[in-house]
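The values are calculated or read from the model by the stated rules, or taken from the named source; none is laboratory data. Remember, it's a predicted structure, so these values are computed and weren't measured experimentally. Glycine also receives a Cβ, built like all others from the backbone with ideal geometry; neighbour counts cover every protein chain displayed.
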Amino acid sequence: MKARNDKVTLADIERALIVYAGLYDLYGECMKPLLDRMEREYMAAKSKVNQMNRIRKLIAGPVEIQ
């Protein structure tokens, strides 16, 4: 279990998404709002990671000034 000040990682959210998918499979439509929310959280976190990767590539690459 994570401490209060530990950051939630993309892998943490992915694991939770898999758990919610399993719950949806077991319990049906009553779990859909939770699954939908976790999917949104996953997509938002993945987008942030991708954005940070793009920014890091820009910073690391050569900069041409004309």
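Taking residues in the range 8-32 that are free of Cβ contacts under 8 Å to residues at least 60 places away in the same chain, and partners anywhere that are in a helix (DSSP H, G or I) and exposed (fewer than 13 other Cβ atoms within 10 Å of the Cβ), the pairs with Cβ atoms closer than 6 Å and at least 6 places apart or on different chains are LEU10/VAL49.
Just to be sure I understand the filter: pairs with C-beta atoms under 9 Å, separated by 6 or more residues or on different chains, first member in the range 45-62 and at pLDDT 90 or above, second member not in a helix (DSSP H, G or I). Which pairs pass? Filtered contacts from the range 45-62: ALA45/VAL8; ALA45/THR9.
Taking the criterion of being in a helix (DSSP H, G or I), of a type outside the set (D, E, K, R) and surrounded by 13 or more Cβ atoms within 10 Å (Cβ to Cβ), would at least one residue in the range 51-61 satisfy it?
The answer is no, given that none of the residues of the range 51-61 is in a helix (DSSP H, G or I), of a type outside the set (D, E, K, R) and surrounded by 13 or more Cβ atoms within 10 Å (Cβ to Cβ).
Condition test on ASP25, is it surrounded by fewer than 11 Cβ atoms within 10 Å (Cβ to Cβ), more than 9 Å from the chain's Cα centre (by Cα), in a helix (DSSP H, G or I) and at pLDDT 90 or above? Yes.
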